[in-house]
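Reading through the structure tokens given below for one structure.
The values are calculated or read from the model by the stated rules, or taken from the named source; none is laboratory data. Everything quoted here is computed from the prediction, not taken from an experiment. Cβ sites come from the backbone with ideal geometry, for glycine too, and all protein chains shown count toward neighbours. To get the accessible areas, we keep the full protein, side chains included, count just its heavy atoms, and leave off ligands, DNA and RNA. Shrake-Rupley method; radii C 1.70, N 1.55, O 1.52, S 1.80 Å.
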Amino acid sequence: MKLYSPEFTADPRTAYDRMRSEHGHLVPVEVAAGVSATLVIGYRAALRILSDPDRFPADPRAWESSLPENCPVLPIMEWGTIGSGAEEEHRTRYRPAYLETLRAVDLFTLRREVEAAAVPLINEFCSAGKADLLDQFAVPLTVRVVNNLLGLSQEVGERVFDAMAVLRDAPDEETSDRYNQRLTGDLLEAVSAKRSELGTDVISRLISHPAGLDDAEIVAQLAVLYARGSEPTWNLIVNTVLLMLTDKQFHDDLLAGALTVRDAIDEVLFVNPPLANSCTRFPRQPQLVENEWVPADHPVIISSTGCNSDPAVAGDRIGNRSHLAWGAGSRSCPAQSVTLVIVQEALDQLLDVLPEIELAIPADQLEWRPSAFHRAPAAVPVIFPPALPLAVPTP
Ligand code: HEM
């Protein structure tokens, strides 16, 4: 199965059903032309893998050396695992540093910041009666909030966003190297600026963390935080809007007050998580998983979407948060509370001003960005009765 093919992206649900009936829980896949991996779609097998970092480490280096030149999947597979070269360093220094840094985020202030970012964006399109909620709302909102959270100035934030956008679809290794260098330079500039004036943002907290990270280590963590924090977050916002607009039962229950926006977010994290496939692991020796051998230095990718829909764990989902959208085990997402505040507040603001929003095209005509990893609509065109702009709050 080619996970990067338009056929897979157009109808992943049918593809997962087919994978399950043809292969069981471990599926041979390609994540880019000529790049093979094993996709895990069994919930219990995934938990066993994620809770065993000794047998299934996240260190990609041995595998990377076997890749074809200009391999387009490198960015996401690397960014997810930067710092993992030394599992011990990750466990004892990097993870504690960003766990504590993210735990220190004041969620009340963050909510105010999301509101302050959301209102001007909504004001730009609310009287037009139509918008693309991806490009006009979810992306710029997430970028502003994540820049603020990390402590990137607007100027550096814009350059980082542009570099990340190029790196996502870099056509060749030369472009990828050039933009990686630019990205590193921009992030280094941000770290140096903060060293002389610490604040309450993530960079400042990483600088003053007792793990004693040097500039290069902080830059590496920032690249992970930015890459991990931005695209999945904006996709969770729009995927939740799409659920509300396209699932009649959900829509009616929301309107009737029987379900909340948080229930809708949880449902999306189950059925359509923004990181559909992630948590890549690279066993150093051949490993036996569910009576099948996974070769050494071969990527094993956990499919949150596939595992969450494993019939072996099917059950009532309302209030059930046992999905794998955040991963699991010692590398699970450290930013769950932060993300939920961003996504929920963004949606609350949007629906408050535009409660009668509707999709502008039939749901089956929506286009999805081909990706082995992200569940990402290419655009989310909506229409709504025009509304008056709101007063812009101060953060
Ligand atoms: C909807 C939004 C998000 C989703 C679905 C998501 C999902 C995930 C998943 C599945 C992992 C596990 C990776 C693995 O096991 O290899 C992860 C790790 C991570 N996430 Fe998130 N994430 C989101 C938002 C964020 C945000 C907003 C940030 C930071 C501001 C963030 C920072 C991280 C970091 C640093 C890791 C690496 C953890 C480690 O290796 O110890 N994530 N995320």
### Message
Below 8 Å between Cα atoms, with a sequence gap of 6+, how large is the relative contact order for region 6-383 in percent?
### Response
27
### With all protein chains modelled, accessible area of L134 [1.4 Å, Å²]
10
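Averaged per residue, what accessible area in Å² does region 6-383 show with a 1.4 Å probe, protein chains only?
For region 6-383, the solvent-accessible area averages 43 Å² per residue.
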#### Entry: Two-site label geometry, E356 and D162: point separation in nm, points 7 Å out along Cα→Cβ
4.1
### Net charge over other residues, Cβ less than 10 angstrom from the Cβ of F250 (K, R count +1; D, E count -1)
-4
## Note on the structure
Any residue on another chain or 5+ positions along whose placed amide H is under 5 Å from the amide H of L39 is listed here as V27, V29, I301
### Query
Given a 1.4 Å probe and every protein chain left where it sits, what share in percent of the accessible area of region 6-383 is carbon and sulfur?
50
### Message
Using each residue's phi in region 3-11, evaluate 6.51 cos²θ - 1.76 cosθ + 1.60 at θ = phi - 60° and report the 3J(HN,Hα) Karplus result to the nearest Hz, with x for Gly and Pro.
### Response
6, 9, 7, x, 5, 5, 5, 5, 8
#### Entry: Residue with peak Gaussian network fluctuation, the chain [Cα springs, cutoff 10 Å], from H323, H90, H251
H251
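For an R0 of 35 angstrom, estimate the FRET efficiency from the Cβ-Cβ distance between A211 and W368 and round to the nearest 0.05.
With a Förster radius of 35 Å, E is 0.35.
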### Summary
note: region 186-272, Cα-Cα separations exceeding 19 Å make up a percent value of 54
### Summary
Rounded to the nearest 500, the 222 nm mean residue ellipticity computed for the chain from DSSP H runs (n ≥ 4, each -39500 (n - 2.57)) alone is -15500 deg cm²/dmol
### Task
Could you work out, for the chain, what percent of all Cα-Cα pairs fall into each 10 Å distance bin, beginning at 0 Å and stopping at the bin that holds the largest distance?
5, 22, 33, 27, 12, 1, 0
### Message
Quick test of the membrane-span-like rule: which DSSP H helices of the chain reach at least 20 Å along their long axis (C-alpha atoms) with mean Kyte hydropathy at least 0.5?
### Response
107-125, 215-246, 336-353
### Task
Round to the nearest 0.05 the FRET efficiency obtained for A256 and S36 when R0 = 56 Å and r is the Cβ-Cβ distance.
0.70
### Query
Once label points are set 7 Å from the Cα along Cα→Cβ at both V313 and K130, what is their separation, rounded to one decimal in nm?
4.2
